[in-house]
Amino acid sequence: MSSRHRLEQLLQHPRIWRAGRAGPRRHLQSSSFSQLDEALGGGWPLGQLIELLVEPCGIGELRLLLPALIALTGAANSGKWVLLVAPPHIPYAPAFARRGLDVSRLLIVRCERQADVLWAVEQALHSHACVAVLAWSANGGERILRRLQLAVEETAEAGAACLLILFRPPRCARQRSPAVLRMHALPGAVGAIELRVFKTRGGCPQTVVVDLGGRTVG
């Protein structure tokens, strides 16, 4: 095989972008909040690592994600799971059910050690059994985060693009990260959450205030 032919084979890899060609197809899931969708270029990116920096927990971050989780667990993904890894509090399942989430497809993984959290996330992604993985971790250097980014990219390449959200404390904003989307979540007015988007692919840093009880885009 000639070196030119080997180079052409290498350049066909889906993670390599070539000038003059369209980029890889993006998998997006509407957040159901029109202003946030506009800021994100259409919705939550699937098959990509997303970091949501939040402290304290419980300011509405799960309500923010709930419409997307409900949509992702629809008929098209029947039998797949929503996985919560090391949540700081046990979610109130009846409230999820009242909003329309099928709680029979909800799994919670408790981890005794922080080191186990990101390991559990990586294994879940490799299984291709989840439509969404939400994990809470204060740890994670650039190397392990890059492994998670590669693992979640593979879910999209396999036709099973997963929503991966990693909740981390705000101090992690100073660390380098391969995440394509990084946001700092802050309490807003009553019933609202403020999202400071400081890293997004193809976009500019901006602040979005989301009314969690507001109208959706369907």
- Query: Given H placed on each backbone N at 1.01 Å, which residues far from W136 in sequence or on other chains put an amide H within less than 5 Å of it?
  - Reply: V85, F167
- For segment 27-211, what is the relative contact order in percent, using Cα pairs closer than 8 Å and at least 6 residues apart in sequence? 29
- Message: Please report the antiparallel percentage of the DSSP beta bridges confined to the chain, to the nearest 5.
- Response: 40
- Note on the structure: Going residue by residue through segment 118-132, the Karplus relation 6.51 cos²θ - 1.76 cosθ + 1.60 with θ = phi - 60° gives ³J(HN,Hα) values, rounded to whole Hz and with x marking Gly or Pro, of 6, 4, 4, 4, 4, 5, 5, 5, 5, 6, 6, 9, 10, 8, 8
- Item | Dipole-positive endmost among G159, L52, V209 within the chain (Cβ charges, Cα centre) | G159
- Report the antiparallel proportion of the DSSP beta bridges in segment 112-205 as a percent, rounded to a multiple of 5. 60
- Query: Size of the dipole of segment 27-211 about the Cα centre, Lys and Arg at +1 and Asp and Glu at -1 on the beta carbon, nothing else charged, in debye to 20?
  - Reply: 320
- Note on the structure: Taking alpha-carbon centroids only, segment 156-218 lies from segment 74-111 a number of Å equal to 20
- Ordering 72-81, 29-38 by per-residue average of other C-beta atoms within 10 angstrom, highest first, gives 29-38, 72-81
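Every number in this text was worked out from the coordinates using simple rules, so none of it is lab data. If you're wondering where the values come from, they're calculated on a predicted model, not measured in any experiment. Here Cβ is always computed from backbone atoms with ideal geometry, including for glycine, and neighbour counts include all displayed protein chains.
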